[in-house]
Structures are given as structure tokens and as C-alpha cells.
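The values are calculated or read from the model by the stated rules, or taken from the named source; none is laboratory data. Computed from a prediction, not measured in an experiment: that's the story for all the values here. Here the Cβ positions follow ideal geometry from the backbone for every residue, glycine too, while neighbour counts run over all protein chains shown. For accessibility, only protein heavy atoms count, side chains too; no ligands or nucleic acids. Shrake-Rupley method; radii C 1.70, N 1.55, O 1.52, S 1.80 Å.
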Amino acid sequence: MPPEILFDKLMDRLPNLRKMYREGLHGRLRTCDPPITVPAWMVMMTGKNPGELGIYGFKHRRGPSYSEGYIVTSVNVHEKTVWEVLSDKGRRSIVLGVPPGYPVKHVANASTVSCFLTPSSDRPFTNPEEMKEEVIKAAGGKYVFDVTFRTENRADLKRELFEMTERRFDLAEHMAKTKPWEFFMMHEIGFDRLHHAFWKFFDPNHPKYVKGNEYEGIDLEYYAMVDARIGRLVPLFGEDCTTFIVSDHGSKAMKGGFCVNQWLEQEGYLTFKKKVDQPVELDKTEIDWGKTKAWGWGGYYARIFFNVKGREAQGVVKPSELEEEKRRLAERISKIRDNTGRTMKNWTTEPGKLYGTAIGDKPDLMVYFDDLDWRSAGTVGHDSLYLFENDTGPDDSVHSMDGIFMMVRPGRDLGGKEVVGARVEEMAPTLLTLLGVDPKEEGFDGKMIGEALEGAGR
């Protein structure tokens, strides 16, 4: 959820959120690098950065393999979340859909429902497991984890999107009323899906916006539905409950996709055994690894891997030359131009330098193309380096670095004060402090959002 949509465009038409905005605190919530759902929510709930978590996106390369990868799940999260810390102290939580939440973990003092990564409701998706039928019943007979948002069938998507979110709020109301808790957290993936699937329809600044289209008001329609449900849910929390509304990153119009691997081929870093003359995934091509220095992955940012001797099976880059190779490639990336000839605002970094500690299956370089306005297209065989449709299915938006932060404390009018400089990793120690737990004693060494503590009377 981006502040530009909630705060700047729609707030005056959302009565429940507007009341919270005027009586509470609000501001931008700076996300982590990379600004992606996985790892951002775990950064928020563990207080650890992606390097400390060893999580750099939804999918990871498996070790030094050229082709094997894996999807990040809850199994890959080894740091304690807020609700796990509370559970250790015998304090109860309700946690709905926070990613990555599948497979669902056993947490003694928490009632949890897994996230949108859950493959099917046929699998165990609740903790405790016997709560599953109760969840399905509370959600109207069917619990929906996610929708297929990369589709041209926008009519069906709209119906499924609204239905999914309504069912999740039905469950949230049931849980808030029937389960014991001191900490309650609900995650809704619907905003992400709305923005990716419909951004070009409601944003006049999107390159593909057409005035008067049938989905021009869908952003207000969806936000207003959620606003009404928030108006029903929050009063159930009681008069002594501090409530936060936060997002893990923002969203904005996608300009296009930059074909990172075609560019690497053009620059002499990537060599194919056979010419690729039709669009295809990189893994389905024949790469001449003996002549390849580096290759990349697509996504909302690019991950670059070097072909290093002694690390990769057919490595060619000497370990002693790796740092210089990184520097040279980063310099070349900084000079890339867009389709109009303008130099892109590209940013390249290394996990170790960015995070200090960087564990797990990390890339050698991380690249944001043009301040994230262009996503990284990993496929090859296109007629141009520049794509104006996403290469992995319809997608109208990219991620941005600022999400939203709101806080309200019943009985305390905080005057709509703006909070400046809040960051996602500050949320966990802030929440623990509000719950009377010393975050430093639990290994949370980050700073806290001081205005939130002050506003809650701590």
C-alpha cells in the first residue's frame, strides 16, 4: 500500500481510515532492500535485515547451481518473530496470513493461519491443526489464500479479489471475538494484487492509462471496501488496544522491463552455444559456461551471479579477480540508457556491503533499474532490450521503497502527527516494548519508533 494512494489520493473518501489518520499518527514506512513481500514482512516482525535473515526474495538459487532454485518458506526463517517471543513468555497471539507463513509453524501460544504461499486448503494451514475447520466455517465455507493476478481476465479477478478479502475479514472478526490474545496481526495480500493487476486502469500517470476505462475507480472501490471492514474490525479490539496499519512496501507504475541477460550477452558477459531468436526463459537455453562470466535473474530487481572458479562447476572468473569484476560491471550498469536515450538512475550494491552480515544463498550483485521503475526481465530472445509488457505475465506496477504507517490509541487524540523516518525493522522492537517486553533482552538490537511509544503512553 503506497502513501501516494492512501494518504494523497483516497484518504478523504475513506471515513474510518480518515478518522484514524486525524486522531492518530501517520507517515511513510521505509522498507528494506529489496522491497519485496518476502523478506519485508519478516524484516518487520524479526527486526533483522535480509542479510541477517538470509532471504533476498521469493525464490533463491540453490548454492552454486546453474539451474536449481527453491521457493522461500517459513522453514527458511530462523529468527524469532514477535509472536514467538510472546509465546515463550506464555502470552497469546493471533496471526493471520503473515508471509512466509507456510508451512505453518507450531507456536504454543498462538492461533495462526498460513499465508498466500499455501498451495491448497487440503494441506494443514492452521496452528493448532484442529482449528482448520473452524477457519473454513468462519470464512463462509471456503478460505482463500490468494488469487491469480497475472491474467487478462480482469472481471473474474476483480470478483475473486474482493471475495478473498471479505472472507479474510470475516475470519479476522471471528478470531478477534472468540480467541484469547494480547497481540493480533492480520495480513491482506489483496492490495498487492490490486496494484499489480489494475494500476494502469486507475493511475493517469501510467504509460498505458486510458481515460474512462471500466476499472478507473477500482482503487477507490477496493480501498473503500477495506475501510468499511476496518470500521467493523477495530472496535472489536477494545478500548485499551493500540492499533497499527502498516504496509511492507509501496507500489508505483511500471515503465517496462529491462532485459538484463540480453544486455549481459551484448556486453560480453554471457555467451550462448546457439543463437536465441525467440523469447524464452534463460534456463531453457544452451549457455556456454566456459565463456560466460555472469548471468542474471529477473524480478522487481535484478540479481547478478558471477561464474567463479572453484565455486561454480564451470567457473571462469578467478576468485582474486571477482571484486574487480564486480566493480567493472557495476560501472557499466550505471551507464545503461532507457529506450529514449536517457541514462537510467540505476543502483548496484553487494549484499555483504549493504547488510554487513549476509548469509544464505545470496547474489553477487543486486541491481535496481531506474529507481525500480523498470523491472528486471530475465528472459532472452526479444527484439529489444526494452519490454513494455511483463515477461512473466500481465503486471502493471512495480514496488517502491515507502509503505505506510498509521497508529491509533483509543482515548488519546494524537492530532494526526506525522512520523518521519520510520523503518520496517523498527516495528518489532516497538511492538515488544508496547507489550512490556525488553527487545534488547530478546536479541532485538534495532532502534524503535519513538513517536509510537510516546503516543501509546510508554
Would you be able to say whether some residue in region 393-411 is modelled with pLDDT under 95, open to solvent by 10 Å² or more (accessible area, probe 1.4 Å), under 25 Å from L270 (Cβ atoms) and out of contact with any Asp or Glu (no Cβ under 8 Å at 6 or more places or on another chain)?
yes
Exactly one of E442, E418, E454 is touching a residue at least 24 places away in the same chain (Cβ under 8 Å), open to solvent by 60 Å² or more (accessible area, probe 1.4 Å) and closer than 19 Å to M20 by Cβ, and that one is E418
Inside region 283-323, can you point out the residues that are over 20 Å from E267 (Cα atoms) and either of a type in the set (D, E, K, R) or in contact with a strand residue (DSSP E or B) (Cβ under 8 Å, 6 or more places away or on another chain) (or both)?
K284, G299, Y300, K309, R311, E312, P319
Please name all residue pairs, on different chains or six or more residues apart, with Cβ atoms under 9 Å, provided the first residue is in region 350-373 and is in contact (Cβ under 8 Å) with a residue 12 or more places away in the chain and closer than 18 Å to E79 by Cα and the second residue is among the acidic types (D, E) and not in a loop (DSSP other than H, G, I, E, B).
Y355/E52; G356/E52; T357/E52; A358/E52; I359/E52
Looking at Y209, Y215, which one is out of contact with any Pro (no Cβ under 9 Å at 6 or more places or on another chain) and within 30 Å of M20 (Cα to Cα)?
Y215
Suppose the filter is of a type in the set (A, V, I, L, M, F, W, C), within 21 Å of G403 (Cα to Cα), at pLDDT 95 or above and touching a His at 6+ places or on another chain (Cβ under 6 Å); does A253 pass it?
yes
Selection status of D248, part of a loop (DSSP other than H, G, I, E, B), among the acidic types (D, E) and out of contact with any Pro (no Cβ under 9 Å at 6 or more places or on another chain)
no
What is the residue count in region 188-210 for residues that are more than 23 Å from I36 (Cβ to Cβ), touching a helix residue (DSSP H, G or I) at 6+ places or on another chain (Cβ under 7 Å), of a type outside the set (S, T, Y) and part of a loop (DSSP other than H, G, I, E, B)?
1
Just the residues that are open to solvent by less than 10 Å² (accessible area, probe 1.4 Å), part of a strand (DSSP E or B) and free of Cβ contacts under 8 Å to residues at least 40 places away in the same chain, please, taken from region 59-111.
A110
Matching residues, region 334-376, being open to solvent by less than 30 Å² (accessible area, probe 1.4 Å), closer than 16 Å to P34 by Cβ and among the aliphatic types (A, V, I, L, M):
A358, L365, M366, V367, L372
Can you tell me which residue in region 421-433 is farthest from T242 (Cα to Cα), limited to those that are open to solvent by 40 Å² or more (accessible area, probe 1.4 Å) and of a type outside the set (K, R)?
G421
Can you pull out every residue in region 225-266 that is closer than 30 Å to N307 by Cβ and loosely packed, with under 15 Cβ neighbours inside 10 Å?
Q266
